[in-house]
Ligand SMILES: Nc1ncnc2c1ncn2[C@@H]1O[C@H](COP(=O)(O)OP(=O)(O)OP(=O)(O)O)[C@@H](O)[C@H]1O
Ligand SMILES: [Mg+2]
């Protein structure tokens with residue numbers, strides 16, 4: 001079976017600075033694929049290109065067998081590719097519920113005409129039921145992180161791009177989110193997961209891609225990646241601190 | 001879930017009852033021997049309300065602050081004037097007003113909606129002034145000396161009044177629907193964060209073009225209704241920058257982004273504008289400028305915001321006195 005997503009020789013320059021250089025990798029359907037690398041490695045940029053909000057300087061992206069290199073983000077969402085934002089971007093004056101409703105309506109569509117039950121289910125799933133009717137601006141950091149995930153899930157992605165959904169959460173909260181990601185994958189969603197926390201990566205991912213200074217350093221199963229001297233060197237200081 | 005939906009239902013009923021009462025009061029008011037001057041003022045306010053409600057859909061709900069609504073108002077006015085002079089039924093003429101303004105909204109929206117925030121606002125000023133200059137020099141519409149409507153038959157003020165009332169009711173219904181609908185949710189999302197909206201499937205350009213078209217249509221009709229009443233229009237008036245400012249001022253005074261706000265703003269503006277101009281012929285615009293700054297700094301939701309605070313305040317006192325009497 002061909003991969004769900006394939007990235008080929010992707011390059012992105014920002015005013016002469018290469019944020020991504022010749023990056024290629026594939027994600028199989030049903031996988032949770034980790035994407036790691038030190039700060040500034042180009043992970044978020046890669047997400048923005050796959051999700052259609054930034055166009056690459058060169059290279060191609062193939063999704064479900066189709067060339068989608070320069071699609072627009074709303075087209076990506078409707079085709080089943082949706083991302084979360086590393087820095088949360090809630091619709092601040094709208095309620096938590098409304099934030100999720102928009103995802104439901106404008107993504108791949110609600111299950112039935114009435115969205116009330118489905119929205120409630122998604123909110124309960126991420127633990128936001130108790131703040132459903134509060135304006136999103138009033139939520140604490142952890143809840144805004146959850147809302148970011150809930151809103152994206154409401155769009156029913158086939159390929160979910162998660163950008164550091166666990167940063168700023170406590171250990172328990174993190175485990176809840178990781179459980180949720182595994183459940184989502186269980187329902188057939190493929191996940192590309194950016195994370196700095198190695199424990200999170202080790203416990204959820206089937207495969208890991210490592211970026212460093214915009215280039216692919218290596219890829220493989222998490223255990224192999226964890227013990228790879230080149231990866232340890234790229235992360236030096238960071239892994240030691242963890 | 002049941003509780004929440006019946007609560008929603010009750011809330012909707014209260015609102016429908018409130019708007020219905022207002023409509024009935026305005027409908028029967030002329031039969032209670034009000035002065036012709038008050039009828040005229042109410043007519044003016046109702047025409048402004050149509051434009052105010054329309055602007056709010058783009059400026060308040062979608063967050064795209066346009067200084068160019070005089071284009072739609074003016075085009076609507078000229079279209080209706082020429083239609084009526086050409087022998088069309090007034091309602092057919094107003095339909096053409098709406099269509100012409102709608103068409104213009106696409107030509108203006110396509111290039112300007114690529115700009116964000118203040119850049120969009122500045123671009124709309126440019127477009128609006130360009131249209132005014134063109135209209136001032138266009139000979140078949142009478143150029144700067146204006147255009148006269150020669151309608152046969154007696155002048156019937158109440159016919160104009162009810163036309164304005166009817167269209168403002170339609171505008172409020174459309175506005176209320178948008179505030180509740182899926183389309184309205186996407187507009188609010190675009191206002192809050194255009195990129196994030198696109199990232200969950202909203203097409204921001206399409207959303208903006210659609211709401212712009214709707215707002216332009218309503219504003220064009222408002223211009224048409226006004227033109228038929230005034231029987232004489234000229235570019236400095238209907239296409240004037242002060243017309244754009246008035247259309248933006250009303251919803252902001254009343255409360256941008258709400259259903260009631262633009263209506264309140266339209267009434268306030270329509271009823272006090274003439275007095276204000278008479279009292280401060282030089283300074284009334286300055287006064288509006290100052291008012292705008294105060295509102296933006298202290299209460300972005302305008303009058304509806306103040307009313308909301310007042311209600312919160314009364315409820316707190318009420319609760320306090322209730323607990324005090326229990327204790
Ligand atoms: N819009 C932009 N304009 C200019 N430079 C950018 C832009 N976005 C990212 N960059 C640069 O591209 C490089 C990669 O940034 P990116 O955000 O993709 O890294 P990251 O791997 O997500 O880092 P982090 O772990 O800190 O989130 C950085 O050097 C960054 O400064
Ligand atoms: Mg990042």
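How high is the relative contact order of segment B:1-112? Use alpha-carbon pairs under 8 Å, at least six apart in sequence, and give a whole percent.
15 percent
Could you work out how far helix A:116-126 tilts from the main Cα principal axis of chain A, as a 0 to 90 degree angle to the nearest 10?
In chain A, helix A:116-126 runs at an angle near 50 degrees to the longest axis.
Would you kindly calculate the translational diffusion coefficient of segment A:90-156, applying Stokes-Einstein with the Kirkwood radius from alpha carbon pairs, for 25 °C and a viscosity of 0.890 mPa s, and quote it in µm² s⁻¹ without decimals?
Details: Rh = 11.3 Å.
The estimated diffusion coefficient comes to 217 µm²/s.
What is the calculated FRET efficiency for residue A:28 to residue B:177, with r their C-beta to C-beta distance and R₀ = 56 Å, to the nearest 0.05? Numbers along the way, then the final one.
Details: r = 46 Å, r/R0 = 0.81.
Taking R0 as 56 Å, the efficiency between residue A:28 and residue B:177 is 0.80.
Can you pull the one-decimal nm distance between simple spin-label points at residue B:119 and residue A:93, each 7 Å off the Cα toward Cβ?
2.3 nm
How far, in degrees from 0 to 90, does helix A:171-186 lean away from the longest principal axis of the Cα atoms of chain A, to the nearest 10?
The answer is roughly 90 degrees.
Across the residues of B:260-272, average count of Cβ atoms on other protein chains within 10 Å? Intermediate results must be reported in sequence, preceding the final value.
Working: counts 0, 0, 0, 0, 0, 0, 0, 0, 0, 0, 0, 0, 0.
Going residue by residue through B:260-272 and averaging, the value is 0.
Report P(r) for the protein assembly as shown: all Cα-Cα distances, bin width 20 Å, range 0 to the bin holding the largest distance, values in whole percent.
Pair shares across the bins are 19, 42, 28, 10, 1.
Out of all Cα-Cα pairs in segment B:46-118, roughly what percent, to the nearest whole number, are more than 20 Å apart? Walk me through the numbers before you get to the answer.
Values: 928 of 2628 pairs.
Taking all Cα-Cα pairs of segment B:46-118, the fraction more than 20 Å apart is 35 percent.
Working from Cα positions, state the angle (0 to 90°, nearest 10) between the long axis of helix B:302-326 and the longest principal axis of chain B.
Approximately 20 degrees, to the nearest ten.
Counting partner chain Cβ atoms within 10 Å of every residue's Cβ in A:66-73, what's the average?
Working: counts 0, 0, 0, 0, 0, 0, 4, 10.
Taking the mean over all residues of the peptide, I get 2.
Per-residue mean of other chain beta-carbon atoms within 10 angstrom of the beta-carbon, peptide B:201-210?
Numbers: counts 19, 8, 7, 3, 2, 1, 2, 0, 0, 0.
Per-residue shielding by partner chains comes out at 4.
Round to the nearest 0.05 the FRET efficiency obtained for residue A:140 and residue B:158 when R0 = 45 Å and r is the Cβ-Cβ distance.
Working: r = 58 Å, r/R0 = 1.28.
Computed FRET efficiency for residue A:140 and residue B:158 comes out at 0.20.
Per DSSP helix of 4 or more residues, -39500 (n - 2.57); summed, then divided by the residues of chain B. What does that give at 222 nm, rounded to the nearest 500?
On the way: 14 runs with 255 residues, N = 327.
Using -39500 (n - 2.57) per qualifying helix, the result is -26500 deg cm²/dmol.
Could the peptides B:49-59, B:33-43, A:137-147 be put in order, highest first, of the mean number of other beta-carbon atoms found within 10 Å of their residues? Please report the intermediate quantities before stating the final value.
Values: B:49-59: 30.2, B:33-43: 13.5, A:137-147: 18.1.
Order by mean packing, descending: B:49-59, A:137-147, B:33-43.
Going out from 0 in 5 Å bins, what whole percent of all Cα-Cα distances in segment B:11-271 drops into each bin?
Cα pair-distance distribution for segment B:11-271, in percent: 1, 7, 13, 18, 19, 17, 12, 7, 4, 1, 0, 0.
Over what distance in Å are the Cα centres of segment A:1-76 and segment B:105-167 separated?
47 Å
Between residue B:170 and residue B:14, what is the spin-label point distance in nm, taking each point 7 Å from the Cα along the Cα→C-beta axis?
3.1 nm
Using alpha-carbon pairs under 8 Å, 6+ residues apart, how would you state the relative contact order of segment A:90-156 in percent?
So the answer I get is 54 percent.
Evaluate the relative contact order of segment B:11-271 (contact order divided by residue number), counting alpha-carbon pairs under 8 angstrom at least 6 apart; express in whole percent. If you can, show how the numbers build up before the last one.
Working: 433 pairs, mean separation 105.6, N = 261.
Answer for segment B:11-271 is 40 percent.
GNM, chain B, Cα, under 10 Å: largest mean-square fluctuation among B:92, B:290, B:260?
Per the Cα network of chain B with a 10 Å cutoff, B:290 tops the list.
Could you compute the FRET efficiency for residue B:209 and residue A:67, with r as their C-beta to C-beta distance and R0 at 25 Å, rounded to 0.05? Write out the running numbers ahead of the final one.
On the way: r = 28 Å, r/R0 = 1.10.
The pair residue B:209/residue A:67 has a calculated efficiency of 0.35.
Just need log10 I(q)/I(0) for segment A:48-167 at q = 0.12, 0.20, 0.21 Å⁻¹, Debye formula, equal scatterers on the alpha-carbon atoms, no solvent, rounded to two decimals.
Scattering profile of segment A:48-167, log10 relative to I(0): -0.44, -1.05, -1.13.
Hey, could you pull the Cα Rg and Dmax for chain A, both in Å?
Computed over the Cα atoms of chain A, radius of gyration and Dmax are 17.5, 54 Å.
Grab every C-alpha pair in segment B:104-256, bin the distances at 10 angstrom width from 0 up to the longest one, and report whole percents.
9, 31, 35, 18, 6, 1
Every read-out reported here was derived from the displayed coordinates using simple, explicitly stated rules and does not represent laboratory data. Predicted model, so just to flag it, every value in this text is computed and none were measured. Reconstructed Cβ throughout: ideal geometry from the backbone, glycine too, with neighbour counts over all protein chains shown.
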